[in-house]
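The values are calculated or read from the model by the stated rules, or taken from the named source; none is laboratory data. Quick caveat: nothing in here was measured; it's all calculated off a predicted structure. Every residue, glycine among them, receives a Cβ derived from its backbone with ideal geometry; neighbour counts consider all protein chains shown.
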Amino acid sequence: MASERNLVLRFATAAVGIPVILALIFVAPAWGFYLLVLAAALVGASELFAMTHQGDRFAQGVGVLVSAGASLAVFFFPQDARVLATVLFVVPAFGPLFTLVRLGPMETAALRVCAMGFGPLFVAVPLTLLAVMRKLWLDVGSGYVLLSLGLAWLADTGAYFAGRFLGRHKLYEAVSPKKTVEGAVGGLFSSILWAVIASLSYLRGTLPVVHAVPLAIVAGVLGQAGDLGESLLKRSTGVKDSGSIVPGHGGILDRVDAVIMTTIVVFLYALWH
């Protein structure tokens, strides 16, 4: 009964959120969509640092500020190699330097070093790439954004129903006890279906079917790996959900863990294609 109520809440949230997201992707100016992306990135970063820097609000705030700086730099200077190199080198170096100043418990120091140096690059920068695609490539960029989101969220939906009705074999029980092999296959099939739809409709002439299928396979597998990676982080820090900001879905990180991976794959495809 509880799972059914949660499912209804999920659909209700999607019914409200999806039209808003679509309007921001296709109708609003690039900066309008970026404001949504930035908000999601900063909330996601806040959830990450709440897990890795438990009880240390100051460090959590610093992590969010670093994430904001990295996001702003990537969005406003996406084609400036000097800015991108600065972000790539300075953010990881900041992790151990900040932890030296704010030492805290030695048992968790390594986790906090890695989180502070890697967290902004893991959460804020990939999500910002959604807005960068929208900004740089106009209508085609909007299509790539929709492709990235669909590869993750349709896979999640397909995995949910395939796992619920067909799931028999555990996928990675030590990390996520509820996920099944059948669910993973259903999610991958959904990713492929979405990429084919994109190729034949809103990305027609830009994304050939012969590219869409392998792209979906790579993005679908890595998206599910991103989901498992976030589950690993939550389990290792004793957290059930990264947050509660999205009704029926948990936190922002719970919603974008796969999007982070699919966005990277789609962005690199668009960049090199």
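Just one of GLY104, GLY95, GLY61 is surrounded by fewer than 22 Cβ atoms within 10 Å (Cβ to Cβ) and touching a Lys or Arg at 6+ places or on another chain (Cβ under 7 Å); which is it? Step through it out loud before you land on a result.
Numbers: GLY95 fails: touching a Lys or Arg at 6+ places or on another chain (Cβ under 7 Å); GLY61 fails: touching a Lys or Arg at 6+ places or on another chain (Cβ under 7 Å).
The match here is GLY104.
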| note | If you go through VAL91, VAL66, VAL74, the only one that is without any contact (Cβ under 8 Å) to a residue 40 or more places away in the chain and either part of a helix (DSSP H, G or I) or closer than 18 Å to ILE260 by Cα (or both) is VAL91
| Do you know which residues across the stretch 65-83 are more than 17 Å from TYR34 (Cβ to Cβ) and surrounded by 15 or more Cβ atoms within 10 Å (Cβ to Cβ)? | VAL66
| request: List every residue pair whose Cβ atoms lie under 7 Å apart, where the two residues are 6 or more positions apart in sequence or sit on different chains, the first residue falls within the stretch 148-174 and is acidic (Asp, Glu), and the second residue, located anywhere, is buried (at least 21 other Cβ atoms within 10 Å of the Cβ). | output: ASP156/GLY187; ASP156/ALA258
| Meets criteria (farther than 22 Å from GLY143 by Cβ, touching a residue at least 12 places away in the same chain (Cβ under 8 Å) and surrounded by 17 or more Cβ atoms within 10 Å (Cβ to Cβ)) for THR180 | yes
| query | buried (at least 18 other Cβ atoms within 10 Å of the Cβ) and in contact with a Gly (Cβ under 9 Å, 6 or more places away or on another chain) - does that describe any residue in the stretch 215-222? | reply | yes
| Which condition does LYS234 not pass, out of (1) of a type in the set (Lys, Arg); (2) in contact (Cβ under 8 Å) with a residue 24 or more places away in the chain; (3) exposed (fewer than 15 other Cβ atoms within 10 Å of the Cβ), if it passes all the others? | (3)
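Mind telling me which of the residues ALA258, ALA270 ends up being of a type outside the set (Lys, Arg), closer than 20 Å to ALA40 by Cα and out of contact with any strand residue (DSSP E or B) (no Cβ under 9 Å at 6 or more places or on another chain)?
Numbers: ALA270 fails: closer than 20 Å to ALA40 by Cα.
The conditions single out ALA258.
Applying the selection to the stretch 184-201, what residues are aliphatic (A, V, I, L, M) and over 11 Å from GLY150 (Cα atoms)? Before you say what the answer is, go through the steps one by one.
Filtering the stretch 184-201 for residues aliphatic (A, V, I, L, M) gives 184-185, 188, 192-193, 195-198, 200.
ALA184, VAL185, LEU188, VAL196, LEU200, listed by residue number.
Going by the conditions given, is GLY205 surrounded by 15 or more Cβ atoms within 10 Å (Cβ to Cβ), modelled with pLDDT of 90 or more and closer than 29 Å to ILE25 by Cβ? Don't jump to the end; show me each part of the working.
Numbers: surrounded by 15 or more Cβ atoms within 10 Å (Cβ to Cβ): no; modelled with pLDDT of 90 or more: yes; closer than 29 Å to ILE25 by Cβ: yes.
Judged against the criteria, GLY205 is not a match.
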